[in-house]
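For reference, the structure is listed below as structure tokens.
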Amino acid sequence: MARRREGVIAEGYPHIVATSENGAILGYTYATAYRSRRAYRFAIENLIYVAPEAKGRGVGSALLAELIARCTSQGFRLMVAVIGDSANLASIGLHAAHGFQPAGKLPNVGWKHGQWVD
């Protein structure tokens, strides 16, 4: 995880971590290139994780809002959320609350938690 964070930051993308008062990680979010080809240089993909004990407390919304603000200030114009399960209603709702709109579904494209996910 530390190497991934360092790599994201080294490439010039934001990586944000939310912690509790005692230093426990409540969640994190970061952006990466959407595609490597130059034509897509203004598009990014986001990733967001909220710890189970922090869900429903506004952590995800605060993280995503800050990520969007930082990426916008860096000149990115489109953020793509590839949500790793079409049944992940919490993530779908979080992104919708921040203005994301569904653009499609890739059925059974990923293997996660012992099952195929959209």
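For the chain, compute the orientation-averaged projected area of the C-alpha convex hull (one quarter of its surface), in nm².
Over every viewing direction, the Cα hull of the chain projects on average to 8.3 nm².
Over the chain, DSSP H runs of length four or greater, each weighted -39,500 (n - 2.57), average out per residue to a 222 nm ellipticity of -8500 deg cm²/dmol. Remark on V80: its backbone amide H falls under 5 Å from those of I44, E45, N46, a criterion applied only to residues 5 or more positions apart or on other chains, H modelled at 1.01 Å from N. Shown for M79, M1: other C-beta atoms within 10 Å of each C-beta, ranked fewest to most, produce the order M1, M79.
Under the convention that each Lys and Arg Cβ holds +1 and each Asp and Glu Cβ holds -1, the size of the dipole of the range 9-118 around its Cα centre is about 440 debye. For the chain, complete DSSP H runs whose alpha carbons reach 20 Å or more along their own long axis and whose mean Kyte-Doolittle score is 1.0 or higher are 59-73. Please check which bits of the range 50-92 a label hung off V109 would reach, taking the label as a point 7 Å along Cα-to-C-beta and the cut-off as backbone N under 13 Å. Flagged as within label range: 80-86. Loop-located GluC sites (Glu not before Pro) across the range 17-82 with a Cβ neighbour count of 11 or fewer within 10 Å are E21, with loop assigned by DSSP.
All of the numbers you see were taken from the coordinates with simple rules; none came from a lab. Keep in mind it's a predicted model, so treat the numbers as computed, not measured. Here Cβ is always computed from backbone atoms with ideal geometry, including for glycine, and neighbour counts include all displayed protein chains.
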